Structures are given as structure tokens and as C-alpha cells.
Amino acid sequence: MGRLKDSFLSQLKSDFEWLNKKVKHTIDNKVETTKYQASTLQIEEIVASKIAQLEEKIEHLNLIYKRKAFDPAMLSEFYSLNIFDLMKADDYERRLNIIETSIVTKINTYYTHNLYLNSNIQNFCKAYKEEFLGAIFGSILILIWTLIFIVWL
């Protein structure tokens, strides 16, 4: 299970590396204002698609863990990232690093406290709660039908 989380964090880190390189390239090569704005809009579109991919991966992890293991709100700092403001900032690399570190820390903390530290029995019961309830309900129905059949004879 930890490998899935690590895979997600790896994708997150590569997205931030890509964004850092793209912002640096756009700042270093800005010639005309129109091209600069177009490039910034392209970056925002790509960032939006990358966030959507990360959200999809979070939903996938939640399905695998059979509960809400991770909350997409953990990416809120990534959502609120304003590329235009970032391009104007001299310390864009530091800002991106702070956001990335914050998200990674939230995910690792949540994983450690809610998935890893809970007992295996507790995790098993939470993961298969619906199956247990279905088995109990099915057993009760079989018992009732058996009693009705015995009384009818």
C-alpha cells in the first residue's frame, strides 16, 4: 500500500519539477507581452490537467484502500496557485518548493496516522464493513426462510 502512496508522491514531485522548469523557461525567454501571456495561459491549462490527474489518482487510491484514504482537498494549495503572480515573483522557486513540501507533508502525515498506525484488524473491518453486513443480512434471511419452511411442513 505504501508503494501506491509513493507513486502518487512521485507524480506530484515530477509535476512540480515540470512547473518549475516551465516557469523558469517562460521568464527567461519572455520577449513580447502577448507571447508571455499566451505561454502563461498554456501553463495554467496544463497545471489544471495535472491537478485533475492527481485528483483521479487520489480517487483511485481511495478505491484501493476501500475508504477515503486521502482527501483531494490536500491539493488545495496547488489549486490556488496563480501562475501570473508566480511569474512576477522573484522567489517563484521557493514558493513552489513550500507548496510542494506542504502537500507532501500532509499526505505523509495522513497516511501515517490514518492508515499505517491503525491496527490491521481495525483496517480490515473498515475495509470490508459492507461485506460483513451483507453476510449477516443474508444469514438472517436464510434463517427466516428455513424457519418458515419448517413451520409449513
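The values are calculated or read from the model by the stated rules, or taken from the named source; none is laboratory data. Everything numeric here is computed off the predicted structure, so don't read it as measured data. As a convention, Cβ positions derive from the backbone with ideal geometry for all residues, glycine included, and neighbour counts pool all protein chains shown. Just so you know, the surface numbers come from the protein's heavy atoms only, side chains and all, with ligands and any DNA or RNA stripped out. Shrake-Rupley method; radii C 1.70, N 1.55, O 1.52, S 1.80 Å.
Order 143-149, 2-8, 70-76 from most to least packed using the mean count of other Cβ atoms within 10 Å.
Details: 143-149: 9.7, 2-8: 13.4, 70-76: 16.3.
Per-residue Cβ counts within 10 Å, averaged per peptide and sorted highest first, yield 70-76, 2-8, 143-149.
For a quick check of understanding: with a 1.4 angstrom probe and all protein chains in place, what accessible area in square angstrom does residue 68 have, to the nearest ten?
My reading of the accessible area for residue 68 is about 130 Å².
Carbon-plus-sulfur fraction of the accessible area of the range 45-105, 1.4 Å probe, in percent?
Taking all protein chains in place, the range 45-105 shows 53 percent carbon and sulfur surface.
How much length, in nm to one decimal, is gained on full extension between residue 79 and residue 45, taken as 0.36 nm per residue of separation minus their Cα-Cα distance?
Between residue 79 and residue 45, full extension yields an extra 11.1 nm.
Given bins 5 angstrom wide, list per bin the percent of all Cα-Cα distances in the range 58-113, short to long.
All Cα pairs considered, the percentages come to 4, 18, 23, 20, 14, 10, 7, 4, 1.
If R₀ is 22 angstrom, what is the calculated FRET efficiency for the pair residue 126 and residue 104, using the beta carbon separation as r and rounding to 0.05?
0.30
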